[in-house]
1. State whether one or more residues within the range 58-66 are at pLDDT below 85, surrounded by 18 or more Cβ atoms within 10 Å (Cβ to Cβ) and under 14 Å from the mean Cα position of the chain (by Cα).
2. Just name the residue that is farthest from Q99 (Cα to Cα) out of those in the range 67-78 that are in contact with a helix residue (DSSP H, G or I) (Cβ under 9 Å, 6 or more places away or on another chain) and modelled with pLDDT of 90 or more.
3. Only residues that are out of contact with any helix residue (DSSP H, G or I) (no Cβ under 8 Å at 6 or more places or on another chain) and part of a strand (DSSP E or B): list them for the range 110-133, please.
4. N84 versus (1) more than 26 Å from Y122 (Cα to Cα); (2) modelled with pLDDT under 90; (3) not in a helix (DSSP H, G or I): which is the lone unmet condition?
5. Among the residues of the range 20-55, write down those that are exposed (fewer than 14 other Cβ atoms within 10 Å of the Cβ) and at pLDDT 85 or above.
Amino acid sequence: MDKMSHVELRERLSALHHEVAPKTWSRTQLLLRLMELEGAESIHSSGTKEAPPLRQAEIMINKAARKKSVLVDLMQSQLGLVVNATDTIEQLKVKAMNQAYACSPAHPEDHVGFGQHSALTYREVAMEMTSYLAGV
């Protein structure tokens, strides 16, 4: 599924899971939602059961976001964030995700997320495109 386009991911989410993703969702957000619904092995070709630390944090935040009080508790107790009571769940999720990005250690299975190879993991880039890493 790593190689699927934005449109293909949106269609898969709709056809298999009867969900319509917001139009503002990026390809990465669509992949993450499909991973939540289908499991990590459906996305990662390596078949590893253990999700990278950043992905684990994203799953934890998304589960907590079902209820604002649970999300607030998670942000304060586990992420060490100060929460503004007037923030919406979406605003809190953005703050929590930013903290997760800042605190999670790098992992070879994390997606590059930018540039020409944004859909690939760091491991795939390192193995298949050594010139990209050399800066050539």
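The values are calculated or read from the model by the stated rules, or taken from the named source; none is laboratory data. Every value quoted in this text rests on a predicted model; they were computed, and no experiment measured them. We place every Cβ from the backbone using ideal geometry, glycine too, and count neighbours over all the protein chains shown.
1. no
2. The qualifying residue farthest from Q99 (Cα to Cα) is K67.
3. T121
4. (2)
5. Within the range 20-55, V20, P22, K23, T24 meet the criteria.
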